[in-house]
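A quick write-up on the structure given underneath.
The values are calculated or read from the model by the stated rules, or taken from the named source; none is laboratory data. Only a predicted model underlies this, so the values are computations on that prediction, with no experimental measurement involved. Using ideal geometry, Cβ is built from the backbone for each residue, glycine included, and neighbour counts are taken over all protein chains shown. Only protein heavy atoms, including side chains, enter the accessible area calculation; ligands, DNA and RNA are left aside. Shrake-Rupley method; radii C 1.70, N 1.55, O 1.52, S 1.80 Å.
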Amino acid sequence: MHIRKYGNITFTSPQRYESGGIHPYHHEILYISSGEVQLKWLNEVYEAKGPALFFMTPNTPHQLIKISTQYSFLFIEADMEHDPFLSLSEIIHWNTLQSSMQSPSYALAAVIQTMNIIRNHFESELVGQPQLMDQLVSAEMQKVVTLVRHLVSLSMYASKTDKKDRTELDRLKSEEAVDMLMHFLESYYRENITLQDLTAQVHLNPSYLIRVFKQMKGMTPFQYLNNLRMNAAISHLKMSDLSIQEIVKLTGYQSIHYFSRVFKNSYGVSPSQWRQQYRESSEDHSKA
(Lines give C-alpha, C1' and ligand atoms only; values in the text may rest on other atoms or scores of the structure.)
Protein backbone atom coordinates (compact mmCIF):
# COMPACT_ATOMS: atom_id res chain seq x y z
CA MET A 1 0.00 0.00 0.00
CA HIS A 2 1.37 3.40 -0.99
CA ILE A 3 -0.34 6.48 0.44
CA ARG A 4 -0.67 9.16 -2.24
CA LYS A 5 -2.59 11.71 -0.21
CA TYR A 6 -4.48 11.93 3.07
CA GLY A 7 -6.47 14.40 5.10
CA ASN A 8 -7.55 14.35 8.75
CA ILE A 9 -10.26 16.99 8.89
CA THR A 10 -12.78 18.43 11.35
CA PHE A 11 -15.44 20.97 10.34
CA THR A 12 -17.65 22.97 12.68
CA SER A 13 -19.87 25.26 10.64
CA PRO A 14 -23.56 25.65 9.84
CA GLN A 15 -22.65 26.29 6.20
CA ARG A 16 -23.05 23.60 3.57
CA TYR A 17 -19.79 21.88 2.66
CA GLU A 18 -19.06 19.59 -0.25
CA SER A 19 -15.92 17.81 -1.37
CA GLY A 20 -15.06 14.96 -3.70
CA GLY A 21 -13.47 14.15 -7.02
CA ILE A 22 -12.23 11.25 -9.11
CA HIS A 23 -8.93 9.40 -8.78
CA PRO A 24 -7.74 7.57 -11.91
CA TYR A 25 -5.30 5.17 -10.25
CA HIS A 26 -6.05 5.11 -6.54
CA HIS A 27 -8.62 3.75 -4.14
CA GLU A 28 -10.03 6.13 -1.57
CA ILE A 29 -10.78 5.13 2.01
CA LEU A 30 -13.16 7.51 3.81
CA TYR A 31 -13.63 7.16 7.57
CA ILE A 32 -16.30 9.35 9.18
CA SER A 33 -15.36 9.38 12.86
CA SER A 34 -18.19 11.70 13.96
CA GLY A 35 -21.05 13.69 12.52
CA GLU A 36 -23.59 12.96 9.80
CA VAL A 37 -22.80 12.98 6.09
CA GLN A 38 -24.18 12.13 2.69
CA LEU A 39 -22.00 10.37 0.12
CA LYS A 40 -22.84 10.17 -3.58
CA TRP A 41 -21.01 7.36 -5.39
CA LEU A 42 -21.86 5.12 -8.37
CA ASN A 43 -25.30 6.72 -8.73
CA GLU A 44 -26.15 5.86 -5.12
CA VAL A 45 -26.69 8.19 -2.19
CA TYR A 46 -25.55 6.97 1.23
CA GLU A 47 -26.43 8.75 4.45
CA ALA A 48 -24.53 7.72 7.54
CA LYS A 49 -23.61 8.87 11.04
CA GLY A 50 -20.09 8.41 12.35
CA PRO A 51 -18.43 6.12 12.92
CA ALA A 52 -18.84 4.94 9.32
CA LEU A 53 -16.37 3.65 6.75
CA PHE A 54 -16.59 3.89 2.97
CA PHE A 55 -14.40 2.55 0.18
CA MET A 56 -14.28 3.93 -3.35
CA THR A 57 -12.61 2.39 -6.39
CA PRO A 58 -10.43 4.20 -8.95
CA ASN A 59 -12.07 6.17 -11.75
CA THR A 60 -15.39 6.52 -9.91
CA PRO A 61 -16.52 10.09 -9.11
CA HIS A 62 -17.82 10.78 -5.63
CA GLN A 63 -19.17 13.68 -3.65
CA LEU A 64 -19.23 14.11 0.13
CA ILE A 65 -21.80 16.47 1.66
CA LYS A 66 -21.95 17.28 5.34
CA ILE A 67 -25.35 17.21 7.04
CA SER A 68 -24.53 17.92 10.69
CA THR A 69 -22.97 21.16 11.90
CA GLN A 70 -19.86 19.36 13.09
CA TYR A 71 -18.18 16.36 11.57
CA SER A 72 -14.74 14.78 11.41
CA PHE A 73 -13.32 12.50 8.76
CA LEU A 74 -10.13 10.91 7.51
CA PHE A 75 -9.56 10.25 3.82
CA ILE A 76 -6.73 8.21 2.36
CA GLU A 77 -5.95 8.00 -1.35
CA ALA A 78 -3.79 4.93 -1.80
CA ASP A 79 -2.31 2.61 -4.38
CA MET A 80 -3.65 -0.87 -3.46
CA GLU A 81 -2.28 -2.63 -6.54
CA HIS A 82 -0.01 -5.00 -4.63
CA ASP A 83 -2.25 -5.54 -1.59
CA PRO A 84 -5.19 -7.95 -1.19
CA PHE A 85 -8.27 -5.78 -1.26
CA LEU A 86 -12.05 -5.94 -1.46
CA SER A 87 -13.81 -6.71 -4.71
CA LEU A 88 -16.17 -4.15 -6.24
CA SER A 89 -19.22 -6.18 -5.18
CA GLU A 90 -17.92 -6.38 -1.60
CA ILE A 91 -17.28 -2.63 -1.55
CA ILE A 92 -20.77 -1.84 -2.85
CA HIS A 93 -22.38 -4.14 -0.29
CA TRP A 94 -20.28 -2.72 2.55
CA ASN A 95 -20.98 0.90 1.61
CA THR A 96 -24.70 0.13 1.54
CA LEU A 97 -24.47 -1.29 5.07
CA GLN A 98 -23.13 2.00 6.45
CA SER A 99 -26.63 3.48 6.47
CA SER A 100 -28.10 0.64 8.50
CA MET A 101 -25.41 -1.30 10.37
CA GLN A 102 -26.51 -0.71 13.96
CA SER A 103 -26.21 -4.23 15.38
CA PRO A 104 -22.97 -4.31 17.38
CA SER A 105 -20.45 -7.11 17.09
CA TYR A 106 -16.86 -7.68 18.03
CA ALA A 107 -15.84 -7.57 14.36
CA LEU A 108 -17.55 -4.21 13.77
CA ALA A 109 -16.06 -2.78 16.97
CA ALA A 110 -12.63 -3.99 15.83
CA VAL A 111 -13.05 -2.24 12.45
CA ILE A 112 -13.85 1.06 14.20
CA GLN A 113 -11.04 0.62 16.73
CA THR A 114 -8.51 -0.08 13.96
CA MET A 115 -9.63 2.92 11.91
CA ASN A 116 -9.19 5.09 15.01
CA ILE A 117 -5.66 3.71 15.39
CA ILE A 118 -4.95 4.63 11.75
CA ARG A 119 -6.33 8.11 12.36
CA ASN A 120 -4.06 8.46 15.39
CA HIS A 121 -1.06 7.53 13.22
CA PHE A 122 -1.85 10.50 10.99
CA GLU A 123 -1.94 12.79 14.03
CA SER A 124 1.46 11.63 15.31
CA GLU A 125 5.06 12.54 14.54
CA LEU A 126 5.21 9.46 12.29
CA VAL A 127 3.70 11.40 9.39
CA GLY A 128 7.20 12.71 8.72
CA GLN A 129 8.31 9.18 7.80
CA PRO A 130 6.34 8.20 4.66
CA GLN A 131 7.76 4.68 4.28
CA LEU A 132 7.02 3.83 7.89
CA MET A 133 3.50 5.26 7.55
CA ASP A 134 2.90 3.15 4.42
CA GLN A 135 3.92 0.02 6.33
CA LEU A 136 1.90 0.81 9.46
CA VAL A 137 -1.27 1.85 7.66
CA SER A 138 -0.98 -1.10 5.27
CA ALA A 139 -0.77 -3.54 8.19
CA GLU A 140 -3.79 -1.99 9.92
CA MET A 141 -5.80 -1.82 6.69
CA GLN A 142 -5.28 -5.53 6.05
CA LYS A 143 -6.97 -6.18 9.40
CA VAL A 144 -9.80 -3.87 8.39
CA VAL A 145 -10.19 -5.59 5.00
CA THR A 146 -10.31 -9.03 6.64
CA LEU A 147 -12.97 -7.92 9.14
CA VAL A 148 -15.03 -6.06 6.51
CA ARG A 149 -15.00 -9.12 4.24
CA HIS A 150 -16.22 -11.23 7.19
CA LEU A 151 -19.05 -8.79 7.97
CA VAL A 152 -20.05 -8.56 4.31
CA SER A 153 -20.19 -12.36 4.02
CA LEU A 154 -22.40 -12.54 7.12
CA SER A 155 -24.73 -9.91 5.69
CA MET A 156 -24.91 -11.62 2.30
CA TYR A 157 -25.54 -14.95 4.00
CA ALA A 158 -28.37 -13.45 6.04
CA SER A 159 -30.09 -12.09 2.95
CA LYS A 160 -30.13 -15.51 1.28
CA THR A 161 -30.81 -17.96 4.08
CA ASP A 162 -33.95 -19.77 5.15
CA LYS A 163 -35.19 -20.11 8.73
CA LYS A 164 -32.85 -22.99 9.60
CA ASP A 165 -29.84 -21.10 8.30
CA ARG A 166 -30.93 -17.93 10.09
CA THR A 167 -30.81 -19.89 13.34
CA GLU A 168 -27.20 -20.70 12.56
CA LEU A 169 -26.52 -17.04 11.79
CA ASP A 170 -28.09 -16.01 15.09
CA ARG A 171 -25.80 -18.50 16.80
CA LEU A 172 -22.75 -16.94 15.13
CA LYS A 173 -23.87 -13.46 16.16
CA SER A 174 -24.44 -14.66 19.73
CA GLU A 175 -20.93 -16.12 19.78
CA GLU A 176 -19.56 -12.76 18.68
CA ALA A 177 -21.55 -10.99 21.40
CA VAL A 178 -20.25 -13.41 24.05
CA ASP A 179 -16.66 -12.97 22.82
CA MET A 180 -17.12 -9.20 22.94
CA LEU A 181 -18.44 -9.40 26.52
CA MET A 182 -15.56 -11.63 27.61
CA HIS A 183 -13.07 -9.16 26.17
CA PHE A 184 -14.86 -6.29 27.96
CA LEU A 185 -14.83 -8.15 31.30
CA GLU A 186 -11.17 -9.11 30.91
CA SER A 187 -10.26 -5.47 30.25
CA TYR A 188 -12.43 -3.80 32.92
CA TYR A 189 -12.72 -6.38 35.72
CA ARG A 190 -11.26 -3.78 38.13
CA GLU A 191 -14.32 -1.56 37.64
CA ASN A 192 -17.74 -1.80 39.31
CA ILE A 193 -19.50 -3.57 36.42
CA THR A 194 -23.30 -3.81 36.36
CA LEU A 195 -25.72 -5.74 34.17
CA GLN A 196 -26.59 -2.44 32.49
CA ASP A 197 -22.92 -2.02 31.54
CA LEU A 198 -22.95 -5.45 29.89
CA THR A 199 -26.14 -4.87 27.92
CA ALA A 200 -24.75 -1.52 26.73
CA GLN A 201 -21.82 -3.36 25.17
CA VAL A 202 -23.87 -5.72 23.00
CA HIS A 203 -27.40 -4.25 23.02
CA LEU A 204 -29.06 -7.53 24.00
CA ASN A 205 -31.95 -8.15 26.36
CA PRO A 206 -30.46 -8.78 29.85
CA SER A 207 -32.11 -12.17 30.39
CA TYR A 208 -31.19 -13.31 26.86
CA LEU A 209 -27.62 -12.10 27.36
CA ILE A 210 -27.19 -14.11 30.55
CA ARG A 211 -28.85 -17.20 29.05
CA VAL A 212 -26.71 -17.17 25.90
CA PHE A 213 -23.50 -16.55 27.85
CA LYS A 214 -24.27 -19.46 30.19
CA GLN A 215 -25.14 -21.77 27.29
CA MET A 216 -21.83 -21.04 25.58
CA LYS A 217 -19.49 -20.75 28.58
CA GLY A 218 -21.17 -22.82 31.27
CA MET A 219 -21.43 -19.87 33.64
CA THR A 220 -23.05 -16.45 33.84
CA PRO A 221 -21.12 -13.28 32.91
CA PHE A 222 -20.80 -12.39 36.57
CA GLN A 223 -19.45 -15.83 37.46
CA TYR A 224 -16.87 -15.33 34.71
CA LEU A 225 -16.12 -11.87 36.12
CA ASN A 226 -15.66 -13.33 39.59
CA ASN A 227 -13.22 -15.93 38.20
CA LEU A 228 -11.19 -13.15 36.58
CA ARG A 229 -11.11 -11.22 39.83
CA MET A 230 -10.14 -14.26 41.86
CA ASN A 231 -7.33 -15.10 39.42
CA ALA A 232 -6.07 -11.52 39.72
CA ALA A 233 -6.27 -11.69 43.51
CA ILE A 234 -4.30 -14.94 43.59
CA SER A 235 -1.63 -13.36 41.38
CA HIS A 236 -1.33 -10.35 43.73
CA LEU A 237 -1.18 -12.61 46.78
CA LYS A 238 1.57 -14.69 45.20
CA MET A 239 3.70 -12.01 43.60
CA SER A 240 3.35 -8.92 45.79
CA ASP A 241 3.32 -7.66 49.36
CA LEU A 242 0.18 -5.61 48.76
CA SER A 243 -2.24 -5.47 51.66
CA ILE A 244 -5.57 -7.25 51.37
CA GLN A 245 -7.31 -3.85 51.22
CA GLU A 246 -5.11 -2.81 48.30
CA ILE A 247 -5.84 -6.07 46.49
CA VAL A 248 -9.56 -5.51 46.99
CA LYS A 249 -9.29 -2.15 45.21
CA LEU A 250 -7.25 -3.65 42.36
CA THR A 251 -9.66 -6.49 41.70
CA GLY A 252 -12.97 -4.64 41.51
CA TYR A 253 -14.57 -5.73 44.79
CA GLN A 254 -16.54 -3.12 46.71
CA SER A 255 -15.60 -4.18 50.23
CA ILE A 256 -12.96 -6.26 51.99
CA HIS A 257 -15.66 -8.25 53.78
CA TYR A 258 -17.36 -9.33 50.56
CA PHE A 259 -14.01 -10.12 48.93
CA SER A 260 -12.93 -12.24 51.90
CA ARG A 261 -16.23 -14.15 51.91
CA VAL A 262 -16.06 -14.87 48.16
CA PHE A 263 -12.40 -15.85 48.43
CA LYS A 264 -13.06 -18.26 51.31
CA ASN A 265 -15.98 -19.83 49.43
CA SER A 266 -13.61 -20.42 46.50
CA TYR A 267 -10.44 -21.56 48.31
CA GLY A 268 -11.60 -22.65 51.77
CA VAL A 269 -9.38 -20.17 53.64
CA SER A 270 -9.11 -16.40 54.01
CA PRO A 271 -6.84 -14.43 51.65
CA SER A 272 -4.26 -13.88 54.44
CA GLN A 273 -4.22 -17.59 55.29
CA TRP A 274 -3.88 -18.52 51.62
CA ARG A 275 -0.87 -16.19 51.23
CA GLN A 276 0.78 -17.57 54.37
CA GLN A 277 0.25 -21.18 53.25
CA TYR A 278 1.60 -20.38 49.77
CA ARG A 279 4.75 -18.77 51.16
CA GLU A 280 5.35 -21.59 53.61
CA SER A 281 4.94 -24.10 50.81
CA SER A 282 7.34 -22.12 48.57
CA GLU A 283 9.95 -22.02 51.37
CA ASP A 284 9.65 -25.80 51.88
CA HIS A 285 10.17 -26.39 48.15
CA SER A 286 13.22 -24.12 48.07
CA LYS A 287 14.79 -25.94 51.05
CA ALA A 288 14.13 -29.28 49.42
Original post:
Taking only pairs six or more apart or across chains, which ones have beta-carbon atoms under 7 Å, a first residue in the stretch 253-280 that is open to solvent by less than 40 Å² (accessible area, probe 1.4 Å), and a second residue that is assigned to a helix (DSSP H, G or I) and among the basic types (Lys, Arg)?
Top reply: Tyr253/Arg229; Ser270/Lys264
**OP:** Please note which strands (runs of 3 or more DSSP E) are completely contained in the stretch 44-87 and include at least 1 residues that are over 25 Å from the mean Cα position of the chain (by Cα).
**Re:** 44-49, 62-66, 70-79
Subject >> Total residues in the stretch 1-41, condition open to solvent by 60 Å² or more (accessible area, probe 1.4 Å) and on the phi > 0 side of the Ramachandran plot >> reply: 0
Original post:
Of (1) at pLDDT 90 or above; (2) in a loop (DSSP other than H, G, I, E, B); (3) not acidic (Asp, Glu), Val111 satisfies all except one. Which?
Top reply: (2)
**OP:** Out of the residues in the stretch 109-131 that are of a type in the set (Gly, Ala, Ser) and more than 15 Å from the chain's Cα centre (by Cα), state the one that is least open to solvent (accessible area, probe 1.4 Å).
**Re:** Ser124
**OP:** Hey, can you tell me all the residues within the stretch 1-41 that are among the hydrophobic types (A, V, I, L, M, F, W, C) and assigned to a strand (DSSP E or B)?
**Re:** Ile3, Ile9, Phe11, Ile29, Leu30, Ile32, Val37, Leu39, Trp41
**OP:** Select from the stretch 177-192 the residues that are in a loop (DSSP other than H, G, I, E, B) and within 10 Å of Arg229 (Cα to Cα) and write down the one among them that is least open to solvent (accessible area, probe 1.4 Å).
**Re:** Tyr189
